[in-house]
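Structure record follows, encoded as structure tokens.
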Amino acid sequence: MRYLAPGILGLACLLGVVGEGASVQAQEVAELFRSTTSARSPIDAMSAAEIVQTAYAKLLPAEHIMQIETTRTGGAAEPSISRFLVFQRSIDGEERTLIENLEPRAIAGSRTLQVEAQDGQTRTFAFVRTAGSDPFPTTFRLADPFTGTWFDQPDGNRVTGSMTSLRPGFKPRFQILSRRPAEFEGERVHRIVVRSRADRGFDRTELAIAERDFAILEFRHFARQNDRDPSLIARVDRRDIQPLGAHLLPTRIVYDAPSSNQQITVSIRHQLLPAEAPDTLFDPDTFHRPRTEFLIAD
């Protein structure tokens, strides 16, 4: 404010000296001063919840397919590669996500379907091709669609207060814990900490949301409430964001787990879900039957 005050004082003196004969010019000067000192980014006028909701609405289309390859390195384990498909569709007000495993070969052809209602309650079903059985319900819940990781929720799908739904139009299901402006990789961002009302396997997540276009450039997941350091950090380079209509799709995400010294590099190919994709692919009774290769673009 010590830099702003002399400007205000100087403007007041100018307006007093020019007198009534130059009132038009004085008004123009005053308007110019207001426009140059009060300019704000549109994101500044938005609530934190609105920013998060907008960012996730831009993250993925409603009808969507992802071809994903993950490479895990570091730690005591040998490097490993996984490949899988993620299909997403909204049916009857529910968000449905189907994951079909392609690699490693031991689980190729196995599928998992998660059906999530607007209140955050979920139902999950699994089909293990090698077992030759029908689909069965499971207590696992999808933790991250980009890595295909799940966490067990044996006490049921309790809803307590991650992030908003990945699907636009769904009601916010998160609690805002904090918000602050910051810089990330040379960009102005808003760092917003959210806690899911439905269990997501983490206590809270800090998002770095770009001010200029709402792209999510970093996720910092904290496992427990008292943790000061994140247990998992996911970063998206600006060069690895693919525009598709109104959406900003990450094509590469790098995950770091500081405590285990492990890293997961995720490569993603995106496409819209074709209209001919059958709803049976997202039905708990039939999701294991439809073929999917005809839906994948070359």
- Task: Considering (1) polar (S, T, N, Q); (2) over 18 Å from A55 (Cα atoms); (3) at pLDDT 85 or above, say which one T251 fails and leave the rest.
- Result: (2)
- Message: I'm trying to understand the selection: among the residues of the stretch 185-205, which are of a type in the set (F, W, Y) and at pLDDT 95 or above?
- Response: none
- Query: With respect to the numbered conditions (1) over 26 Å from T122 (Cα atoms); (2) assigned to a loop (DSSP other than H, G, I, E, B); (3) over 16 Å from the mean Cα position of the chain (by Cα), which one is the sole condition not fulfilled by P284?
  - Reply: (1)
- Message: For the structure I just gave you, tell me whether I233 is under 26 Å from G75 (Cα atoms), assigned by TED's automatic domain parsing to the domain that holds W150 and touching a Phe, Trp or Tyr at 6+ places or on another chain (Cβ under 6 Å).
- Response: no
- Note on the structure: Restricting attention to the stretch 121-148, the residues that are crowded, with 16+ Cβ neighbours inside 10 Å and more than 18 Å from F282 (Cα to Cα) number exactly 4
- Go over the candidates A62, A49 one by one and state the one that is part of a helix (DSSP H, G or I), touching a Pro at 6+ places or on another chain (Cβ under 9 Å) and at pLDDT 50 or above. A49
- Could you identify the single residue in A208, A246 that is within 13 Å of the chain's Cα centre (by Cα) and either within 30 Å of F294 (Cβ to Cβ) or modelled with pLDDT of 95 or more (or both)? A208
- Query: From the list D285, D227, D279, which residue is more than 30 Å from S133 (Cα to Cα) and surrounded by fewer than 16 Cβ atoms within 10 Å (Cβ to Cβ)?
  - Reply: D227
- From F214, F202, grab the single residue that is under 22 Å from F151 (Cβ atoms) and not hydroxyl-bearing (S, T, Y). F202
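Looking only at strands (runs of 3 or more DSSP E) that lie completely in the stretch 66-139, which have at least 1 residues being among the aromatic types (F, W, Y)?
Filter on the stretch 66-139 gives 80-91, 122-127, 136-138.
The values are calculated or read from the model by the stated rules, or taken from the named source; none is laboratory data. Source: prediction; values computed, not measured. Backbone-built Cβ (ideal geometry, glycine too); neighbour counts: all protein chains shown.
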